[in-house]
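Let me begin by presenting the structure, written as structure tokens, before commenting on it.
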Amino acid sequence: PSSMPSYSVRPAARADASTVAELHVATWKATYKGVLPDNFLDGLTPAMRLPMWRDAIVYGEPQVLLAVADNGKPAGFAGFDRSRGPKTKPTTGEIWALYVTPEHWGQGAGLALWDAAREGLIEEGCTEVTLWVMLRNERALRFYELAGFKRELNTARTTTVGGAKVEEIRLKRKLD
């Protein structure tokens, strides 16, 4: 019988920047197929994402975590920090990104990343956390709702990603 893999989560180091950029592109291509235009997704490359993730890791904005499966392969990453929202309290944190590769979907990597990000936000003095999700990203909405997040109905907004208009909503939960 096959058992579920286990995941270790650690802060990303500068040497992990290219891995995080590769994970970002691979997970976006899988997650947003049929949501964002194919030509946009096909054009994404790790090199395009590398400077952003290298800076995030070096400067800690956002803090970046890497999930590694028990076979040593990277399974996903998360970025978290204080909320970027201009009207949010200083005790509000934000999950900036949380992505897991398709081969690790439903196996606990996302939960391991969320648990580690939650602990990091609590250490930073945050008492609640928000995040933005595309409404067509049903897998993510299910995941976050199971993790105790609630939709903030007055936050729905339309944004443009890769030339496509997408609906997003903010989710929120208390940290405890």
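The values are calculated or read from the model by the stated rules, or taken from the named source; none is laboratory data. What you see is a predicted model; the values in this text were computed from it and never measured. Glycine also receives a Cβ, built like all others from the backbone with ideal geometry; neighbour counts cover every protein chain displayed. Only protein heavy atoms, including side chains, enter the accessible area calculation; ligands, DNA and RNA are left aside. Shrake-Rupley method; radii C 1.70, N 1.55, O 1.52, S 1.80 Å.
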Residues located in the range 137-176, provided they are farther than 26 Å from G120 by Cα and of a type in the set (K, R): R157, K165
How many residues, within the range 43-58, are touching a Lys or Arg at 6+ places or on another chain (Cβ under 8 Å) and free of Cβ contacts under 8 Å to residues at least 24 places away in the same chain? 1
Looking at the structure I just gave you, is L50 open to solvent by less than 10 Å² (accessible area, probe 1.4 Å) and within 24 Å of G163 (Cα to Cα)? no
With T88, T130, T155 as the choices, which residue is modelled with pLDDT of 95 or more and out of contact with any helix residue (DSSP H, G or I) (no Cβ under 8 Å at 6 or more places or on another chain)? T130
Which of the residues that make up the range 57-78 are modelled with pLDDT of 95 or more and under 14 Å from G108 (Cα atoms)? L66, A67, V68, A69, P74, A75, G76, F77, A78
Going through the range 69-87 in order, the residues found to be polar (S, T, N, Q) and either assigned to a strand (DSSP E or B) or open to solvent by 50 Å² or more (accessible area, probe 1.4 Å) (or both) are N71
Considering G76, G93, G108, which residue is in contact with a Phe, Trp or Tyr (Cβ under 7 Å, 6 or more places away or on another chain) and under 30 Å from G43 (Cβ atoms)? G76
Return only the number of the condition from (1) touching a strand residue (DSSP E or B) at 6+ places or on another chain (Cβ under 6 Å); (2) of a type outside the set (F, W, Y); (3) more than 22 Å from A164 (Cβ to Cβ) that L36 does not satisfy. (3)
All but one of (1) over 14 Å from the mean Cα position of the chain (by Cα); (2) within 30 Å of R157 (Cα to Cα) hold for Y32; state the number of the condition that does not hold. (1)
Return only the number of the condition from (1) in contact with a helix residue (DSSP H, G or I) (Cβ under 8 Å, 6 or more places away or on another chain); (2) loosely packed, with under 12 Cβ neighbours inside 10 Å that L66 does not satisfy. (2)
Report whether or not V161 is of a type in the set (V, I, T) and surrounded by 16 or more Cβ atoms within 10 Å (Cβ to Cβ). no
Anything in the range 88-97 that is open to solvent by less than 30 Å² (accessible area, probe 1.4 Å) and touching a residue at least 40 places away in the same chain (Cβ under 8 Å)? List them, or say none. G93, A97
